[in-house]
Amino acid sequence: MFFLNKNFLANELVKWRNEGLLDRVSSEKIAARYDIDLQNVSDKKSFILKLIAYLFLALSLITLVGANWEEMPRAVRLLIIISILAFVNLSALFMLKNGRESMAISLFFLGNFCYGIAIALIAQIYHLGEHMLNGVLLWAVGAFILSIATKKSILITQSLAIALLWFLMDIELRVSHEFLIFMAISFYMLLKDESKALTVMLFISIFVYIICNMANLSSFEFSQFMWYITINQIVLIGLSYSLFGISLSLVAQKFNKIKIAVALRWISLITGIVILLFAMSFISHRNYDYIDLNNSLAFYGRIYGVLHIVFATFSLIILAQFKRYYVAIIALFLLFLPFGIGYFFEYSNAIYSILSVITGAVLIKQDYLKLGLSTIFIVANVRYFDLIGDYIGTSLLFLLFAVIVLVVSRNKKAIKNES
Amino acid sequence: MRVKILIFAIIFQILSLIAMLAYAYAPIYFGKEIKVDVTLYDPRDLLRGNYVSLNYDFSALPIKYADLQKPGTKIYLALKDINGTYVKDEYNFVKPKNQIFLTGRIYGNRVKFGIEAFFMPIDKALQIERDIRQKGAWAILSVMDNGSARIKEIVLK
């Protein structure tokens, strides 16, 4: 059974059992038939609920810090917050020693928040108004050390999120390449302990890092002209990065890293589609008299152009290797997209629309029915409202959409008949 | 072994808090007390709660420095005593000698010295904002030899 269906069935079985539709023995028999561990599904849900509960507890403590308990002496405030930190972490350690792993991880999760809260409180007591990002960096480092010691990916995910917060706060001053260390550690831990959450967080972190570098090098804020160039580059590199994520998910699946494969495919698809839809709606402005954008080869000469080529080429090779020819066509399309966009910039929203429809059709073909349909319907809607007035152009575009979808559906039928 | 590493990680967190505490408190304990003019307004920090943002005349950076320097560059502000209140003498990229100075970092056309936020409950913040608008105020700073400073209190004129 396909692993996504397996997850669905596992969740449904637990639900049916809880609702009394199915008795324990029957549910376990069905689960055993499809090699599903029902106990694991149940434990996972209660673990996630515990994490959410502790997240709210941490928020409650943060709010309490914000209250400025002026009437309370500084020393007492500090003692309270440091005692809470020590108590939470030591309780977690005690739980771990007693074999209650899920409770221990939840408490360490809360402990990492308490650590950040203690830093914020010290900053508040001594009116530290500058370089608060140094405090956030300290938080990230402390959280990482604890998380690495536990070797648990959910805690690494939390620490990476804190490090990402620091990276984004620091962007006002510089692009902190030290963030690469946090990402490298997270990647190493991901290989040790597979996790969907950490995969998604890493995917996002790498993307944010690339974009921030790009924005920094392109002097993002200085002119509208640079802004258009930068946005155009972000779209191009975002698309090739997303496709690379999808390709890597195939590799992960081959090496039996199923959780990583599922998460990577999901986040890559969502990111790619969102970028495509964004590009389709906003990139094409009527004022396209930007000389540099019309230089169709300029993008390939920049570092991000090189990165785009690397992502698209590797995607193409991996997809061809795994015989995913439809997706490989998209990779090929992406490889030459910067050239096409540079040369035909005035038609860029039509190009992105066609690419969106092809993606939607391929998604349907790959059994992502809802996602594929939604993409195609959004394209149709945006194009209808955006191009209204230019009836012939819109009509031709819709005709092309119809042909694309028909070609894909016809091939699907042929393949089905063959099988 | 794993427990030992975990204990180390927990101790690291607590020790780093104590180090931060020392860093924050050092200027108050070792520094020299000075008085500077200040105005304020009342924002809010999502993590740390309510504070008043302090504005000093000397925080505005002359254009010749602002244009040339990257954000985050260290800069020193020498102060001189005029009738018991310290005011700007001059900005420099080298530490001043035999003079009280503040160490700051350039953010656009302003310099931040780490004395721009004063945390207090919202009612008190709004009250002090009103009072300062009418009377003016001084910030009492404690400044160390290396130019790092902390606010001790805000005093109405």
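The values are calculated or read from the model by the stated rules, or taken from the named source; none is laboratory data. Owing to the predicted nature of the structure, the values given are computational and were not obtained by experimental measurement. Here the Cβ is made from the backbone with ideal geometry for all residues, glycine too, and neighbour counts use every protein chain on show.
Before moving on, here are some points about what is shown:
- B:SER53 vs. criteria closer than 17 Å to B:LEU156 by Cα, among the small types (Gly, Ala, Ser) and within 11 Å of another protein chain (Cβ to nearest Cβ): yes
- Applying a threshold of 7 Å to beta carbon distances and a minimum spacing of six or more residues, or different chains, the list of pairs starting in the range A:66-87 at a residue that is more than 9 Å from chain B (Cβ to nearest Cβ) and ending at one that is modelled with pLDDT under 80 and outside any helix (DSSP H, G or I) reads A:ARG77/A:TRP69.
- Selection status of B:VAL143, more than 11 Å from chain A (Cβ to nearest Cβ), in contact with a strand residue (DSSP E or B) (Cβ under 6 Å, 6 or more places away or on another chain) and over 23 Å from A:MET72 (Cβ atoms): yes
- Enumeration of residues in the range B:1-21 that are over 19 Å from A:VAL136 (Cβ atoms) and assigned to a helix (DSSP H, G or I): B:ARG2, B:VAL3, B:LYS4, B:ILE5, B:LEU6, B:ILE7, B:PHE8, B:ILE10, B:ILE11
- Among (1) within 25 Å of B:LYS4 (Cα to Cα); (2) surrounded by fewer than 22 Cβ atoms within 10 Å (Cβ to Cβ) - the single one A:ALA161 does not satisfy: (1)
- Condition check for A:VAL175: outside any helix (DSSP H, G or I), within 23 Å of the chain's Cα centre (by Cα), of a type outside the set (D, E, K, R) and surrounded by fewer than 19 Cβ atoms within 10 Å (Cβ to Cβ): yes
- Filter result for the condition that a residue is in contact with a Ser or Thr (Cβ under 7 Å, 6 or more places away or on another chain), crowded, with 21+ Cβ neighbours inside 10 Å and on the phi < 0 side of the Ramachandran plot, over A:LEU121, A:LEU107, A:LEU85: A:LEU107
- All of B:LEU61, B:LEU21, B:LEU79, B:LEU102 fail the test of being more than 30 Å from A:THR150 (Cα to Cα) and either hydroxyl-bearing (Ser, Thr, Tyr) or within 14 Å of chain A (Cβ to nearest Cβ) (or both), apart from B:LEU102.
- Residue, nearest to the other protein chains (Cβ to nearest Cβ), within the range B:110-136, restricted to residues that are closer than 29 Å to A:LEU64 by Cβ, part of a strand (DSSP E or B) and out of contact with any Asp or Glu (no Cβ under 7 Å at 6 or more places or on another chain): B:ALA117
- Of the residues B:LYS88, B:LYS74, B:LYS64, the single one that is under 29 Å from A:ASP170 (Cα atoms) and without any contact (Cβ under 8 Å) to a residue 12 or more places away in the chain is B:LYS64.
- Output for the range A:133-146, where each listed residue is surrounded by fewer than 24 Cβ atoms within 10 Å (Cβ to Cβ), at the interface with another protein chain (Cβ under 8 Å from one of its Cβ atoms) and more than 23 Å from the chain's Cα centre (by Cα): A:GLY135, A:LEU138, A:ILE145
- Restricting the range A:110-157 to residues that are in a helix (DSSP H, G or I) and of a type in the set (Ser, Thr, Tyr), the residue that is farthest from A:PHE187 (Cα to Cα) is A:TYR115.
- Against the conditions (1) part of a strand (DSSP E or B); (2) within 14 Å of chain A (Cβ to nearest Cβ); (3) in contact with a Lys or Arg (Cβ under 7 Å, 6 or more places away or on another chain), B:TYR86 satisfies every one except (2).
- The listed residue being facing chain B (nearest Cβ under 8 Å), touching a Leu at 6+ places or on another chain (Cβ under 7 Å) and either under 15 Å from A:LEU51 (Cβ atoms) or at pLDDT below 90 (or both), out of A:ALA149, A:ALA120, A:ALA104: A:ALA120
- For the range B:137-150, a tally of residues being crowded, with 16+ Cβ neighbours inside 10 Å, out of contact with any Leu (no Cβ under 6 Å at 6 or more places or on another chain) and assigned to a loop (DSSP other than H, G, I, E, B) returns 2.
- Here A:PHE167, A:PHE187 are screened, and the one residue that is free of Cβ contacts under 8 Å to residues at least 24 places away in the same chain, out of contact with any Lys or Arg (no Cβ under 7 Å at 6 or more places or on another chain) and away from chain B (no Cβ under 14 Å) is A:PHE187.
- Counting only helices (runs of 4 or more DSSP H) that fall entirely inside the range A:274-378 and contain at least 2 residues that are modelled with pLDDT of 75 or more, the qualifying elements are A:298-301, A:303-321, A:325-343, A:348-365.
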